[in-house]
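Contents: one structure, followed by commentary.
The values are calculated or read from the model by the stated rules, or taken from the named source; none is laboratory data. Given the structure is predicted, the values throughout are model-derived calculations rather than measurements. Note: ideal-geometry Cβ built from the backbone for every residue, glycine included; neighbour counts use all protein chains shown.
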Amino acid sequence: MSTSTKGGEFLIKETEAKDIFIPEEWNEEQQLIAGTCHDFLAQNVWNNLDRIDSQEEGFMPGLLDKAGELGLLGISVPEEYGGFGKDFTTSMLATEILGAGHSFAVAISAHTGIGTLPILYYGNAEQKAKYIPKLASGEWKACYCLTEPGSGSDANSGKTKAVLSADGKHYILNGQKMWITNGGFADIFTVFAKIDDDTNLSAFIVEKTFGGISLNPEEHKMGIKGSSTRQVFFNECKVPVENLLSERQNGFKIAVNILNLGRIKLAGAAIGGSKVTVTKAVEYANERNQFGRPISKYGAIRYKLAEQATRIYASESAIYRASQNIEDAIKALIAGGMDEAKAKLKGVEQFAVEAAILKVHGSEVLDYVVDEGVQIYGGMGYSAEAPMDRAYRDARINRIFEGTNEINRMLIMDMMLKRAMKGELDLMGPAQKVAAELMSIPSMESPDDALFSKEKSYISNFKKAILMVAGAAVQKLMQTLAKEQEVLMSIADMMIELYVAESVLLRVEKLTGMKGEEACKEQIAMMRIYLNDASDNIHKSGKESINYFASGDEQRMMLTGLKRFTKVDAFNSVEARRTVAAKLITENKYCF
Ligand SMILES: Cc1cc2nc3c(=O)[nH]c(=O)nc-3n(C[C@H](O)[C@H](O)[C@H](O)COP(=O)(O)OP(=O)(O)OC[C@H]3O[C@@H](n4cnc5c(N)ncnc54)[C@H](O)[C@@H]3O)c2cc1C
């Protein structure tokens, strides 16, 4: 794989299909790990969903214990701390498969992600040696306490306080945290609090046995009912000074960096849940007869199945493309002499734009998939006796936690611009080139006849559309851009569509090279469906921004340019969706 790709560069650089990783390339060991995760769900979780959702005493911690025994809590933990030390892409695969575990998926990902990683990545040698082996084995369960009643999206504004004791041996914690996943049974709490009147948060490793911790009863939630969610109160909680994590006032940075990781992992889990939902939807559509035929014979149902699969396949392409980029970046940093834990954080940080894109896309794909899953099930979709009810309710949280999708959309543009300002990403040069192209006579040159040349030209034009709109937005709105949220959201939507569309094209190109065109006809159809819709979506979002900040001749010129850059040839999407649906219906499962 290529090691030269930088985060955010997808907007200005061409990527070659050979340089991306595609899920069709999983090796035997990775497939084995995926199989273990799948078997775990089948043997312990899917047959116990009611017990999990009723929060039967001790059941969820017991499941985590079992997962620990199998090594599922330590897949990415280094071997010296009792884990398997697997790479980023492999841990993404495990996250994806386990993502279909409803509330269990939330518990295990909170434990292995936001629960364990702050200590693994920011802890000193003693802290890691003390906590990580027990977290990797499941002997200790972890949670992450950032959110407070008055401080959610604005995470750095928390009021929880830490004050050094008179003898200098402890920090005394006082405050209230809210929505804490695994709070009901956690042994280890990573707590974010401000020392004295600091501007920024600090982070502390707090053991339940330190005392001064009390919990509210379980929250009554719309979904993920089996996931423990508590308010946690710290009342004169004595934390030894050696349990300060990293440095004073470094907590917000820890929180943000851990969230970068959480976001891409959430996307993987969402895709795992989506695939299982589609399998159930296809099975039901094949079994359920109305008007004398299985409902899978009807175009209205076929459309939904094909669209569900297309969005999943596209999102998955982007997730593993970014995961491999992250893994390559980590390896390059380690080769350059960086400490492993630091390299892992830096690697993900470099792809924070992509992580935010994937979080939004993955969670919205899942929402689409479960919503249409309910619809395919008809009345049974609304029944608590059938699986879609739980899938629908459990999915909804994903657009809210790990940074709401609004916050993530705004971060996409914000992070891109910051990179440009730091000189890490040359956005202005390419944007000016597009502006100049806009003034020139359009080229009549058409792409050659090689397979996918046309689609590649679409992608390169989508990039121009975004550079044109984003470049003009920066120029025209300047200082106020950060507050022009509708514009930021529209541009983010354009970037999300571009990144995912390009990823699915590159995946299908690589796959076709491996297997031949005939063997990939459904994948090619899904890619073309996605690109066709992406052109409309990018056009719509671009138009909204242009109509806000441009007027007169300039507005007309930009709208014409936008039309030119999002133009695609006529495409028979009905036929393409039928091709995809036919395969799903024959296989009776999500099969791509
Ligand atoms: C089931 C569950 C589990 C959770 N688990 C954890 C956990 O383990 N640990 C933890 O620390 N937290 C956890 N959270 C908290 C979660 O991360 C927050 O709920 C989330 O970050 C949103 O914060 P909030 O609820 O305060 O919403 P708010 O920040 O009040 O947001 C309300 C709405 O306003 C929007 N909004 C907010 N600010 C802006 C802005 N500047 N511009 C535009 N729109 C804005 C949001 O997008 C949202 O639509 C969990 C939450 C839930 C529901």
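A few comments on the model shown:
- The residue that is farthest from Lys563 (Cα to Cα), among those in the stretch 453-485 that are among the aliphatic types (A, V, I, L, M) and within 26 Å of the chain's Cα centre (by Cα), is Ala482.
- Taking first residues from the stretch 486-513 that are in the same structural domain as Ile546 (by TED's automatic domain parsing) and in a helix (DSSP H, G or I) and partners that are of a type in the set (Asp, Glu) and at pLDDT below 95, the Cβ contacts under 8 Å between residues at least 6 apart in sequence or on separate chains come to Leu488/Asp414.
- The stretch 187-201: number of residues that are away from the ligand (no atom under 11 Å from the Cβ), out of contact with any Ser or Thr (no Cβ under 7 Å at 6 or more places or on another chain) and under 25 Å from Ile108 (Cα atoms): 2
- Residue list for the stretch 414-441, filter: assigned to a helix (DSSP H, G or I) and either under 21 Å from Gly561 (Cα atoms) or touching a Phe, Trp or Tyr at 6+ places or on another chain (Cβ under 7 Å) (or both): Met428, Gly429, Pro430, Ala431, Gln432, Lys433, Val434, Ala435, Ala436, Glu437, Leu438, Met439
- Hits in the stretch 563-579 (condition: of a type outside the set (A, V, I, L, M) and in a helix (DSSP H, G or I)): Lys563, Arg564, Phe565, Ser573, Glu575, Arg577, Arg578, Thr579
- With respect to the conditions (1) within 15 Å of the ligand (Cβ to nearest atom); (2) in a strand (DSSP E or B), Gly184 lacks only one, and its number is (2).
- Restricting the stretch 77-112 to residues that are touching an Asp or Glu at 6+ places or on another chain (Cβ under 8 Å) and small (Gly, Ala, Ser), the residue that is surrounded by the fewest Cβ atoms within 10 Å (Cβ to Cβ) is Gly85.
- The residue list Ser446, Ser460 contains one member that is exposed (fewer than 14 other Cβ atoms within 10 Å of the Cβ) and either out of contact with any helix residue (DSSP H, G or I) (no Cβ under 9 Å at 6 or more places or on another chain) or part of a helix (DSSP H, G or I) (or both), which is Ser460.
- Of the residues in the stretch 390-399, not one is assigned to a helix (DSSP H, G or I), within 19 Å of the chain's Cα centre (by Cα), farther than 30 Å from Arg302 by Cβ and without any contact (Cβ under 8 Å) to a residue 60 or more places away in the chain.
- Among (1) crowded, with 16+ Cβ neighbours inside 10 Å; (2) in contact with a helix residue (DSSP H, G or I) (Cβ under 8 Å, 6 or more places away or on another chain); (3) part of a helix (DSSP H, G or I) - the single one Gly7 does not satisfy: (3)
- Qualifying residue in the stretch 93-108 (condition: at pLDDT 95 or above, of a type in the set (Phe, Trp, Tyr) and within 16 Å of the ligand (Cβ to nearest atom)): yes
- Checked against (1) more than 24 Å from Ile180 (Cβ to Cβ); (2) touching a helix residue (DSSP H, G or I) at 6+ places or on another chain (Cβ under 9 Å), Glu56 meets all criteria but (1).
- Residue in the stretch 202-220 that is farthest from the ligand (Cβ to nearest atom), counting only those that are within 30 Å of Tyr392 (Cα to Cα), part of a loop (DSSP other than H, G, I, E, B) and touching a strand residue (DSSP E or B) at 6+ places or on another chain (Cβ under 6 Å): Asn216
- Count - residues of the stretch 141-173 that are among the hydrophobic types (A, V, I, L, M, F, W, C), away from the ligand (no atom under 15 Å from the Cβ) and surrounded by fewer than 22 Cβ atoms within 10 Å (Cβ to Cβ): 4
- Which listed residue, of Lys159, Lys141, is in contact with a Phe, Trp or Tyr (Cβ under 9 Å, 6 or more places away or on another chain) and of a type in the set (Lys, Arg): Lys141
- Of all the criteria given as (1) assigned to a helix (DSSP H, G or I); (2) aromatic (Phe, Trp, Tyr); (3) without any contact (Cβ under 8 Å) to a residue 60 or more places away in the chain, the one not satisfied by Phe252 is (3).
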